[in-house]
Amino acid sequence: MEVQPNDVDNIVDRWRGDRSYLIEMLQDVQEQFHYIPKEVAEKLSSDLDVPLTHIFHITTFYKGFTLEPRGKYPISVCTGTACHVKGGARILENVMRELNVSREGEATPDGLFSVESVRCLGCCGLAPVVTVGDDVYGRTSSTKVNRLIKRIKGKER
Ligand code: FES
């Protein structure tokens, strides 16, 4: 998604231009673009009179922000201890192969998916666990995740 001239204005207005809501504004940016585009960070910096280094500090500190595009459907594969024991690392490897991405966080060329590993999603009893966006899939497998990817691709066509 390309950044339109008034995208940042709309987000800043939503938070009444109050820079104490910078994190909330960045969350809105992340949700809208699936990452924090450099030009948006620069505009926020000048509009809110906040140093650009401060914005980059926030975006690199919190795992929820990325500086490169994530897929529309970000996939997180848990590789915490309980999930690792039940094959989490293998699922991660298989999903990356299925999507043909060589690096965690890299978006697929169609912009639909990105994959990354996470440490314990807090529902170890459901291991192995994978999330796609906000949806949680427990006791899953590479086959089930691949099926889900195919279903999403079909829906997006
Ligand atoms: S280790 Fe995967 S949910 Fe806890």
### Query
Limited to the stretch 112-143, what total is found for residues that are open to solvent by less than 60 Å² (accessible area, probe 1.4 Å) and not in a strand (DSSP E or B)?
10
### Task
Answer with yes or no whether D49 is open to solvent by 60 Å² or more (accessible area, probe 1.4 Å), under 13 Å from the mean Cα position of the chain (by Cα) and free of Cβ contacts under 8 Å to residues at least 40 places away in the same chain.
no
### Message
On the basis of being under 30 Å from R16 (Cβ atoms) and either part of a loop (DSSP other than H, G, I, E, B) or modelled with pLDDT of 95 or more (or both), does P109 make the cut?
### Response
no
### Query
Which residues, taken from the stretch 68-108, are away from the ligand (no atom under 16 Å from the Cβ) and among the hydrophobic types (A, V, I, L, M, F, W, C)?
M96, L99, V101, A107
## Note on the structure
Subset of the stretch 121-157, residues within 11 Å of the ligand (Cβ to nearest atom), within 16 Å of the chain's Cα centre (by Cα) and among the hydrophobic types (A, V, I, L, M, F, W, C), comes to L121, V130, V136
### Message
For the stretch 1-60, give me each residue that is basic (K, R) and closer than 22 Å to T108 by Cα.
### Response
K38
### Message
From the list V85, V95, exactly one residue is over 14 Å from the mean Cα position of the chain (by Cα) and more than 26 Å from Q32 (Cα to Cα). Which is it?
### Response
V85
### Query
Is there any pair with a first residue in the stretch 75-88 that is under 30 Å from G111 (Cβ atoms) and a second that is within 6 Å of the ligand (Cβ to nearest atom) and in a strand (DSSP E or B) whose Cβ atoms are under 9 Å apart and which are 6 or more apart or on different chains, and what are they?
H84/C78; G88/C78
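The values are calculated or read from the model by the stated rules, or taken from the named source; none is laboratory data. For clarity, every value in this text was computed on a predicted model and none was experimentally measured. Here Cβ is always computed from backbone atoms with ideal geometry, including for glycine, and neighbour counts include all displayed protein chains. To get the accessible areas, we keep the full protein, side chains included, count just its heavy atoms, and leave off ligands, DNA and RNA. Shrake-Rupley method; radii C 1.70, N 1.55, O 1.52, S 1.80 Å.
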